1. If I take every Cα pair under 8 Å that is 6 or more residues apart in segment 1-148, average their sequence separation and divide by the length, what percent do I get for the relative contact order?
2. Which FRET efficiency value, to the nearest 0.05, is calculated for residue 60 and residue 93 with the Förster distance at 22 angstrom and r the Cβ-Cβ distance?
3. What is the extension gain from residue 129 to residue 152, computed as 0.36 nm multiplied by their sequence separation minus the C-alpha to C-alpha distance, in nm to one decimal?
4. For labels at residue 84 and residue 102 in the simple 7 Å Cα→Cβ model, what's the distance in nm?
5. Please give the FRET efficiency for residue 112 paired with residue 47, using the beta carbon to beta carbon distance and R0 = 41 Å, rounded to the nearest 0.05.
6. May I ask for the distance between the Cα centers of segment 78-135 and segment 15-42, given as a whole number of Å?
7. Defining a contact as two alpha carbons under 8 Å apart and six or more residues distant in sequence, what relative contact order in percent does segment 1-79 show?
Amino acid sequence: MEVEAYLGGSRLYRRLRSEPHGQLVERYAARLIEEGLVRHGTWRCLNVVDGLLSWIASRRCKLADLDEHVVERYLRHRGRRQSIQPGDQAALSRWLAVLRDEGAIVPASPPSLTPHDRIFNEFDAYLRAERGLAPKSIVRHLPIIRRFLHELCPTGTDGLGKISQDSVISYIERHAQVSTITQFDAPAAEAIDGRDWPIGCFAPYRASMPARAAALKTRPAGV
């Protein structure tokens, strides 16, 4: 359905389309229609975007300055004046997506990684590059390592270089107890019972842990 046929009778849409960012608004409206929003939902999204554009103009900001942080500030401002509806955040997220698709604002920044996330990503890369594991095998076994590292490295990278083979064996022995293995942990139980996968895959990785721990500590967050 064409935007004009769907929203041609909306004074809000006609006004927004006639303003400097009219082409972007038209593309935004087209996306809303493609996603199946009803007229009232589409109007609400346009109303929220209209409020955002007015707000940044009042602060002499440029459209190119928009990102998730600016949107969050705007929503706090809007919330002090009127109620925030459940779909308002999603409406502005769609707006940012349209702006990025059109090259009007910079791409989104990658989310910051926690220390544990960085360890998991490092180990995932190790399994792919140095152990040659297939993606399905990695997906299957990473939860085991995730639990292992959460237990032995609760604070993240600080304890990474201190993990010894005795730590690995002790962990296996504790979790090999029948009482600790639940139905949810069936793949883990199989791996722990066999013992060869955790030791075979983690021991070589463990040998290079001091250097890896140092690298992870110095690497910028989010990388």
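1. Once normalised by length, the contact order is 19 percent.
2. Calculated transfer efficiency: 0.35.
3. 5.8 nm
4. Modelled inter-label distance: 2.5 nm.
5. Values: r = 32 Å, r/R0 = 0.78.
Using R0 = 41 Å, I get an efficiency of 0.80.
6. 24
7. On the way: 31 pairs, mean separation 19.7, N = 79.
So the answer I get is 25 percent.
Since every read-out is calculated from the coordinates, none of them should be taken as a lab result. This is a predicted model, so every value here is computed, not measured. For neighbour counting, all protein chains shown are included, and Cβ atoms are generated from backbone atoms with ideal geometry for every residue, glycine included.
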